[in-house]
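*Asks:* One structure, as structure tokens, below. Some questions next.
The values are calculated or read from the model by the stated rules, or taken from the named source; none is laboratory data. Given the structure is predicted, the values throughout are model-derived calculations rather than measurements. Please note: Cβ atoms are built from the backbone with ideal geometry, for glycine as well, and neighbour counts cover all protein chains shown. Please note that ligands, DNA and RNA were not included when accessible areas were found on the heavy atoms of the full protein model with its side chains. Shrake-Rupley method; radii C 1.70, N 1.55, O 1.52, S 1.80 Å.
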Amino acid sequence: MVDGEGRGLLRPLGDDGIPVGPVERLDEPAAAVRERELAERPRWLWASTAATYPALLRAGARVARCHDLALTEGILLAYEGRWGEPKSLAAASARLHGLPVPDDVEPAPARQPALFELYRPGVLEGEELLAAAGEVLADQQRRIAATEHPERMRLLVAAESAGALAAVEMGEAGMPWRPDVHDRLLTELLGPRPAPGIPPRKLRELTERIAEAFGEQVNPDSPAQVVRAFASAGITVPSTRMHVLREIRHPAVPLLFEYKELSRLYSAYGWSWLDAWVRDGRMRAEYVPGGVVSGRWATRGGGALQIPHAVRRAAVADPGRALVVADAAQLEPRVLAALSGDQGLARAASGGDLYGGLAAAAFQGDRPRAKVALLAAMYGQTSGEGGQLIGVLRRRFPDAVGYVEAAARAGEEGRLVRSRLGRTCPPPSAAWRERTAAIGRAPDAGDEDEREEVRLARRGARDRGRFTRNFVVQASAADWALAMLAALRRRLDRAGGDAQLVLFQHDEVVVDCPVADAPEVVEAVGEAADEAGRLVFGDTPVRFPLESAVVSCYADAK
């Protein structure tokens, strides 16, 4: 812990959380961390990497390993069916002692200097905070040992903590970004930068053309106005969603599509975004590991996880450097093959193109139909072409289809499902249980209101079944991606060069490195992918290839 004057406390603990040395009082905590890291390479214990690590990293104290108590607590609470309970060190300690549990507080890395967080006046401080960290660690180790697969859970906790370190490091390093290129892109697409409160010229022009097409003034940002304008033209549309408008023949439709695309670009990645998130030639996002229920990451602003292709042209490596962009090919279908142990699907996933292998095995070489069928099985599609093709998959790949269908049944029945390593889906809400209570009644019994209750109950059950069907695959894919990220980070650190992770989104990583080091980085990426496959799925013939491209501009990678 660091106090307001920059002094700190440090205490060595065993794996069981029991102290194995005295409390040390530190005048320069970051220097002490650097020294210990070089001499011992310990696993650092703290309450929140997001709140603790930035100050250390800025002071030159980069660490290899940690145990993030808050992230671990969140994983274990979810495993125990206690989604949504506070997960901070203060909350975990309070639960252990039967005290009132404080709410979680959003971390503020830029402002918080503490080494052992989460410190809040009146809750935990000084040696009391160190003692609480040891107690919570011991409790978490006991709970991990009690899970169905303790070794998998330990791997998940270690990978989650390593990912948290990488998230801070990537936020500090930043993606190379050319503000002049970004400004030029926006000007080409939208016109010159407008004054505050005024839409760009291109959006104003499109608004005028849309009004001309309808013959009346219409605000393209108002779905209600657009629906009414179509009605005035004798066209009834239920919404302004793109898949609905694609079926409409009217001169306003292509203009609305163009307006929506440019408006989204302007609001999400326009000049305000550039001012807020790009500093000193780097785009610095704030990542949130495990920010999505499946274990995928989120961001607190910045939109780093969904940068559109047009804007990627501004991500340009500095002179003498390159970007190694590595993307996992067909990750979720490969994960399903490894999860289910389906030998036929595993054979299809042992080569470079899973869909091609699947097509050769079951769809007379028709790759598009094979892809539609497998995605329909994973996402629970029952209508259209996908629904018709699932029968072929069920006959040829029964273990794979059976795996996701078992997960769907568990969801429909209100049960929990887990990823390969043990990340657990949220339990159904009380409202869901109340709504689905009628599911056992005959669909044609009672009056119309009662029959509608049954229909709604069955729909609610199917919706949750589709969620859990996809959760087991998507969350297990997140397990693999996180293990791959941790393995790649470790390899880059051990290489001792100037390569650094600068972006991670779902199944893609970007490494900024000297041009001369790019071949070694590509090799490290491949090794990390193989290691993650072995760690997460054990002995499986399924391969998880990462397609790497060495580019100077991010947009050139795809």
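*Asks:* When residues of region 52-74 are filtered for being open to solvent by 10 Å² or more (accessible area, probe 1.4 Å) and either outside any helix (DSSP H, G or I) or under 18 Å from SER419 (Cα atoms) (or both), how many remain?
*Replies:* Qualifying residue count, region 52-74: 8.
*Asks:* Only one residue in ALA310, ALA337, ALA376, ALA362 is touching a Leu at 6+ places or on another chain (Cβ under 6 Å) and either among the charged types (D, E, K, R) or over 21 Å from ALA167 (Cβ atoms) (or both). Which one? Step through it out loud before you land on a result.
*Replies:* Values: ALA310 fails: touching a Leu at 6+ places or on another chain (Cβ under 6 Å); ALA376 fails: touching a Leu at 6+ places or on another chain (Cβ under 6 Å); ALA362 fails: touching a Leu at 6+ places or on another chain (Cβ under 6 Å).
Result of the check over ALA310, ALA337, ALA376, ALA362: ALA337.
*Asks:* At least 1 residues that are out of contact with any strand residue (DSSP E or B) (no Cβ under 9 Å at 6 or more places or on another chain), among the aliphatic types (A, V, I, L, M) and touching a residue at least 60 places away in the same chain (Cβ under 8 Å) in each: list the helices (runs of 4 or more DSSP H) lying fully within region 163-247 that qualify.
*Replies:* In region 163-247, the matching helices (runs of 4 or more DSSP H) lie at 179-190, 201-214.
*Asks:* Is it the case that PRO42 is without any contact (Cβ under 8 Å) to a residue 40 or more places away in the chain and surrounded by 12 or more Cβ atoms within 10 Å (Cβ to Cβ)? Talk me through it step by step, then tell me what you get.
*Replies:* Numbers: without any contact (Cβ under 8 Å) to a residue 40 or more places away in the chain: yes; surrounded by 12 or more Cβ atoms within 10 Å (Cβ to Cβ): yes.
Here the answer is yes, as PRO42 does meet what is asked.
*Asks:* I've got another one for you. If you go through region 372-393 one residue at a time, do you hit one that is in a loop (DSSP other than H, G, I, E, B), at pLDDT below 90 and surrounded by fewer than 16 Cβ atoms within 10 Å (Cβ to Cβ)? Please lay out each step first, then the result.
*Replies:* Of region 372-393, the ones in a loop (DSSP other than H, G, I, E, B) are 380-383.
The next check asks that each one be at pLDDT below 90; those that pass are 380-383.
Narrowing the set further to residues that are surrounded by fewer than 16 Cβ atoms within 10 Å (Cβ to Cβ) leaves 382-383.
Within region 372-393, one or more residues are in a loop (DSSP other than H, G, I, E, B), at pLDDT below 90 and surrounded by fewer than 16 Cβ atoms within 10 Å (Cβ to Cβ).
*Asks:* Here is a follow-up. For the condition surrounded by 15 or more Cβ atoms within 10 Å (Cβ to Cβ) and out of contact with any helix residue (DSSP H, G or I) (no Cβ under 9 Å at 6 or more places or on another chain), what is the one hit in ARG25, ARG36?
*Replies:* Numbers: ARG25 fails: surrounded by 15 or more Cβ atoms within 10 Å (Cβ to Cβ).
Result: ARG36 is the single residue among ARG25, ARG36 that is surrounded by 15 or more Cβ atoms within 10 Å (Cβ to Cβ) and out of contact with any helix residue (DSSP H, G or I) (no Cβ under 9 Å at 6 or more places or on another chain).
*Asks:* If you don't mind, another one. State whether one or more residues within region 436-448 are part of a helix (DSSP H, G or I), modelled with pLDDT of 90 or more and charged (D, E, K, R).
*Replies:* The answer is no, given that none of the residues of region 436-448 is part of a helix (DSSP H, G or I), modelled with pLDDT of 90 or more and charged (D, E, K, R).
*Asks:* Pick from region 518-558 the residues that are outside any helix (DSSP H, G or I) and within 21 Å of the chain's Cα centre (by Cα): which of them is surrounded by the fewest Cβ atoms within 10 Å (Cβ to Cβ)? Let's see the steps before the verdict.
*Replies:* Step one: filter region 518-558 for residues outside any helix (DSSP H, G or I), giving 538-553, 558.
Of the ones still in play, those that are also within 21 Å of the chain's Cα centre (by Cα) are 544-548, 558.
Values: PHE544: 25, PRO545: 21, LEU546: 23, GLU547: 14, SER548: 21, LYS558: 12.
The selected residue is LYS558.
*Asks:* Out of ALA349, ALA400, ALA338, I need the residue that is at pLDDT 90 or above, of a type outside the set (Lys, Arg), within 15 Å of PRO545 (Cα to Cα) and buried (at least 22 other Cβ atoms within 10 Å of the Cβ). Which one?
*Replies:* Working: ALA349 fails: at pLDDT 90 or above; ALA400 fails: within 15 Å of PRO545 (Cα to Cα).
Selected residue: ALA338, the only one of ALA349, ALA400, ALA338 that is at pLDDT 90 or above, of a type outside the set (Lys, Arg), within 15 Å of PRO545 (Cα to Cα) and buried (at least 22 other Cβ atoms within 10 Å of the Cβ).
*Asks:* Which residues, taken from region 92-122, are modelled with pLDDT of 50 or more and more than 25 Å from the chain's Cα centre (by Cα)? Explain how you work it out, then say what you get.
*Replies:* Taking region 92-122 as the starting set, the residues that turn out to be modelled with pLDDT of 50 or more are 92-108.
Within region 92-122, SER93, ALA94, ARG95, LEU96, HIS97, GLY98, LEU99, PRO100, VAL101, PRO102 meet the criteria.
*Asks:* Being free of Cβ contacts under 8 Å to residues at least 12 places away in the same chain and more than 16 Å from GLU332 (Cβ to Cβ) is true for just one of ASP366, ASP399. Which residue is that? Full working, then the answer.
*Replies:* Values: ASP399 fails: free of Cβ contacts under 8 Å to residues at least 12 places away in the same chain.
That would be ASP366, the only listed residue that is free of Cβ contacts under 8 Å to residues at least 12 places away in the same chain and more than 16 Å from GLU332 (Cβ to Cβ).
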